[in-house]
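Right, one structure below, let's go through it.
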Amino acid sequence: MGDMSDWYLQQEYGVRFEWGAGGAERVAGGVGCLVVVDVLSFSTSVNVAVEAGTRVHPYAWRDETASVFARDNAAELAVGRRAVTAASPWSLSPAALRRAPFTPRLVLPSPNGSAIAAAAGGSTVVAGCLRNASAVGRWLALHGHGTLERPLAVIAAGERWPDGSLRPGLEDLMGAGAVIAALQAAGGAGPLSPEAAAARTAFTGTPDAAGAVAACSSALELVRSGFADDVAIAVEVDASTTVPVLTDGAFSAGTRTYGSPLDGAVHTGPVHLMPPD
């Protein structure tokens, strides 16, 4: 019989689901893989940058220590969306990252997505979003994650209320559900915890998931702040086959997967990415 204090671990299930850095810290010790889902915009930004060939170093704080960390890693430092300049064109904005010059290494501070990555301990960490949900699901299945023998947890990052408390976000629930649905469609994963099954159903049961995310509160905040392009990129469902995997402190592209999870064909190959012009 399990310890009465471990009720939150979802131990009976191969695929688990939790919210925020606090949830990640609690479940990380019992799984071999964490999938961080922060659709608006950490994991989408990581996907866009890694797709272009950049190694992305997550960092949990945007303060003076971030500059030191970037310097120590010979990396450029991403600034806040509103702090982008010609001298500092990289930010936690997928649209800004697409416009910025290529850099081989980038430090991406984020109190949500990066904090979850930092909470993983020794677990494999994968960045998932709507853009690469099917690719992530296939990659997880290919590497045997999501079973009772090799359980995984999908972590929806959520946002923060002004007092710092967690604000669950529809966009991350949808992104997490998309990853879980793709993993299950690829075969071999499970069983799903009730929490993971509910996240999957939230995605599969929504006729227009991309439209729902584009109209949700978090998206509205970005649109009203002048960052509609970030929302448009974030809802490019399955536009990317790049799976960012945290390796030696930075996200880089894992093995790419091709083919539909529905046709039973999964083809793998090395990643050959060229920097943008």
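Rule-based calculations on the coordinates, nothing more; no lab input. Note that the structure is a prediction, hence the values are computed from the model and not measured. Methodologically, a virtual Cβ is constructed for each residue, glycine included, from the backbone with ideal geometry; neighbour enumeration extends over all protein chains shown.
Return the whole-Å distance between the Cα centroid of region 3-39 and the Cα centroid of region 54-78. Their Cα centres are 27 Å away from one another. Annotation: the antiparallel percentage among DSSP beta bridges lying fully within the chain is about 30. In summary, the helical segments of the chain meeting the span-like criteria, namely a full DSSP H run, a Cα extent along the axis of 20 angstrom or more and a mean Kyte-Doolittle hydropathy of at least -0.5, are 170-186. Ordered by the number of other Cβ atoms lying within 10 Å of each residue's own Cβ, fewest first, Thr44, Thr247 fall into the sequence Thr247, Thr44.
Could you check how many percent of all C-alpha pairs in region 135-244 are farther apart than 19 Å? Please list the in-between numbers first.
On the way: 2920 of 5995 pairs.
That tail contains 49 percent of the Cα-Cα pairs.
Note on Asp238, Asp172: ascending count of other Cβ atoms within 10 Å places them as Asp238, Asp172, the fewest first. The Rg/Rh ratio for region 1-154, using Cα coordinates for both the radius of gyration and the Kirkwood hydrodynamic radius, is 1.02. Once you reduce region 175-225 and region 151-167 to the center of their Cα atoms, the two points are 15 Å from each other. Report note on the peptides 157-169, 194-206, 101-113: ranked by the mean count of other C-beta atoms within 10 Å, highest first, their order is 101-113, 194-206, 157-169.
The three principal axes of the Cα atoms in the chain give end-to-end lengths of 57, 43, 38 Å, sorted in falling order.
Lys and Arg at +1, Asp and Glu at -1: add these up for the other residues within a Cβ distance under 14 Å of Ala199 and post the number.
Taking every Cβ under 14 Å from that of Ala199, the sum is -2.
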